[in-house]
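All remarks here apply to the structure that follows.
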Amino acid sequence: MPDNLSSQTGQASIDRLQAAYESLRHQLGQVIVGQDEVLEQLLIAMFSRGHCILEGVPGLAKTLMISTLARCLSMSFSRIQFTPDLMPADITGTEVLEENRTTGRREFRFLEGPLFYNVILADEINRTPPKTQAALLEAMQERQVTVGRIRHTLPDPFFVLATQNPIEQEGTYALPEAQQDRFMFKVFVNYPSFREEFEIAKRTTSLGQADIQPVLTAEDILALQRLVREVPATDHVIEYALALVRQTRLGQPETPGFISDWLSWGAGPRAVQYLLLGGKARALLRGRGHVSTEDIGALAAPVLRHRIVTNFSAESDGITPDKVVERLVQETPAKEGELSRDPRFQKIFAA
């Protein structure tokens, strides 16, 4: 396997993805102030063919961020406002009985729901019951919807970008762990800095309007997604990603003591896949044709924070999933020789 993408597709391909990234950032910057890390993770997920959850308190422009991203893309966009009375058929679509005016016969016809678009904004996804949340599972994983005995293929590319409010819990339904696992990243949207909030106040209280122009088509996105998968990952980088994920699993060889003390459940294999895909996209955005352990470590928090479950002891001590991930990254050797020679990791890899 080549060590660098340049030996396969050349620097031109890397420049193409970087140019697309910069164009999207420029367009988004006309509306969104700051939130650079959030925007980068959103675009990494898009280039990696993944889905995202954005979590933050009201008023942090989560919905605006996603709708503006959709305006930057020449693709179809649908916003679904999740409510307690929303039913699965309201988002997937349903079959209706119609009369054929030519033959006079009655026949069923499938009416597509709002899932049949390229970019889906699932607004306040934790406000709808589990039955409706579960209707997204097949769409997110298989990119299809089954109604009756008929499978209906969703358009490609297909992204689900969900938002949820972490503080208002009355009348909400926590997203099941199985469904959270379908999301590549869980991205925290934090408060802006003073200068950023100053600029927000200035922009949003004046008459100026942003002129958002589409910069990428569906074909462009699909080509960039293929490019990301062409980026090679060395065995060492794959082992590093595996080491981070496998340490979160209780009862495994050489599980760290702090994991046994703080977690009640660890991450599955999908976390490794998303760490590697995200690392490949991040490397390309930085002009490199290969993945490094630094790329993997930088994305460990958004990939793992919704895949590990802290126990009561950890929560009572103020230990969050992010703190667990931070310590994991600190205690896992990133250099190839150190990782392969460490007896604890040798046992992990031999398991």
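Readers should treat all values here as calculations from the given coordinates under stated rules, not as data from a laboratory. A quick note: this is a predicted structure, and the numbers were derived from the prediction, not measured. Because the Cβ atoms are built from the backbone with ideal geometry, glycine has one as well, and the counts that use them run over all protein chains shown.
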Nearest-0.05 FRET efficiency for Glu177 and Arg101 at R0 = 51 Å, using Cβ-Cβ distance, is 0.55
Using a Cα-Cα cut-off of under 14 Å, which aspartates and glutamates could be cross-linked to Lys335, ignoring same-chain neighbours fewer than 8 residues away? Asp235, Glu239, Glu294, Asp295
Taking Rh as the Kirkwood radius computed over C-alpha pairs, what is the Stokes-Einstein D of the chain at 20 °C in a medium of viscosity 1.002 mPa s, expressed in µm² per second? 98 µm²/s
Candidates Thr68, Thr248, Thr205: whichever shows maximal mean-square fluctuation once the chain is modelled as a Gaussian network with Cα springs under 10 Å: Thr205
Quick calc: nm separation of the 7 Å Cα→Cβ label points for Tyr191 and Asp36 -> 2.1 nm
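Relative to the Cα centre, what is the charge dipole magnitude of region 31-215, using +1 at the beta carbon of each Lys and Arg, -1 at the beta carbon of each Asp and Glu, and rounding to the nearest 20 debye?
500 debye
Length gain on complete extension for the stretch Glu142 to Ala89, per 0.36 nm per residue less the alpha carbon to alpha carbon distance?
17.3 nm
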Let's see if you can work this out: charge +1 on each Lys and Arg Cβ, -1 on each Asp and Glu Cβ, no other charges. What is the dipole magnitude of region 231-350 about its Cα centre, in debye to the nearest 20? 380 debye
Taking 7 Å along the Cα-to-C-beta vector as the label spot, tell me the Gln273-Leu111 distance in nanometres, rounded to one decimal. 3.5 nm
Just to be sure I understand: with springs between alpha-carbon atoms less than 10 Å apart, which residue in Phe198, Phe183, Phe159 has the highest mean-square fluctuation in the Gaussian network model of the chain? Phe198
What residues from region 310-351 fall in the zone where the backbone N is under 20 Å from a label point 7 Å along the Cα-to-C-beta line of Arg286? 325-339
Output the antiparallel fraction of DSSP beta bridges having both residues in region 59-175, as a percent to the nearest 5. 55 percent
Helix-only mean residue ellipticity at 222 nm, the chain, DSSP H runs n ≥ 4 weighted -39,500 (n - 2.57), per residue, nearest 500. What is it? -13500 deg cm²/dmol
Spelling it out for Leu73: with amide H atoms placed in the peptide plane at 1.01 Å from N, the residues 5 or more places away or on another chain with amide H under 5 Å from its amide H are Val215
Would you please give the residues with an amide H less than 5 Å from that of His152, counting only those at least 5 places away or on a separate chain, with H modeled from the backbone geometry? Val145, Thr146, Val147
Could you give each residue of region 71-88 its phi-based ³J(HN,Hα) in whole Hz, using Karplus coefficients 6.51, -1.76, 1.60 with θ = phi - 60°, and x for Gly or Pro? 5, 7, 10, 7, 9, 6, 9, 9, 10, 10, 8, 6, 9, x, 9, 6, 9, x
Please give the length that would be gained between Lys347 and Phe312 if that part of the chain were fully extended, namely 0.36 nm times their separation in residues minus their C-alpha to C-alpha distance (nm, one decimal). 9.7 nm
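Fully extended, how many nm does the chain gain between Phe198 and Leu64 (0.36 nm per residue separation, minus their Cα-Cα distance)?
46.5 nm
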